[in-house]
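Read the structure below first, then the notes.
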Amino acid sequence: MAKQAGADQTILYTQQEFEEEILNATGGQGVRMVLDAVGQTTFEKGFKCLGRRGYMVLYGQAGGAVTDTNTRSLQNGSLYLTRPSLGDYTATRDELLGRAEEVLRWVQSGELKLHIGLTLPLAEAVEAHRQLEGRETVGKILLIP
């Protein structure tokens with residue numbers, strides 16, 4: 001699915017040493033940006049994958065919270081670290097509507113393709129959570145009445 005969406009390379013971080021794979025794939029240069037939704041179990045390795053002036057975007061903690069961050073490591077390569085929260089980007093009604101309109105334009109134009117991986121009745125929400133927690137899903141999960 002990632003390849004179909006345009007990824008140049010895919011790495012199963014639970015099965016491969018992704019830090020080594022990324023550095024090999026980039027000739028040791030690293031990447032411009034790491035988007036990390038996992039947190040504790042991937043943060044340090046992801047951080048080491050950044051190239052000069054790279055961006056680490058930590059937006060989740062599915063693998064645990066990142067509790068210790070040495071900011072001195074940011075100076076090696078002039079790196080950037082951010083921990084965004086959706087509420088800060090949709091704080092006003094105008095921001096929320098503007099961002100929603102932009103995303104819906106991307107969907108309408110085909111620039112953003114949605115993948116619905118699972119549709120279940122709301123009464124089966126427990127099953128949806130079980131599959132999500134067990135990493136059995138790909139794409140979005142819809143719960144319908």
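Key figures for this structure:
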item: Checklist (1) in contact (Cβ under 8 Å) with a residue 24 or more places away in the chain; (2) farther than 21 Å from Ser85 by Cβ applied to Gly27, failing item; result: (1)
item: Test: residue in region 26-37 that is within 16 Å of Ser73 (Cβ to Cβ), more than 16 Å from the chain's Cα centre (by Cα) and not acidic (Asp, Glu); result: yes
item: Residue ranges of strands (runs of 3 or more DSSP E) in region 30-145 with at least 2 members surrounded by 14 or more Cβ atoms within 10 Å (Cβ to Cβ) and in contact (Cβ under 8 Å) with a residue 40 or more places away in the chain; result: none
item: In region 7-29, the residues that are among the aliphatic types (A, V, I, L, M) and either assigned to a loop (DSSP other than H, G, I, E, B) or touching a Ser or Thr at 6+ places or on another chain (Cβ under 9 Å) (or both); result: Ala7, Ile11, Leu12
item: Filter result for Gly63 (within 15 Å of the chain's Cα centre (by Cα) and modelled with pLDDT under 95); result: yes
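The values are calculated or read from the model by the stated rules, or taken from the named source; none is laboratory data. Quantities reported herein were computed from a predicted structural model and do not represent experimental measurements. So basically every Cβ, Gly included, is an ideal-geometry build from the backbone, and we count neighbours across all protein chains shown.
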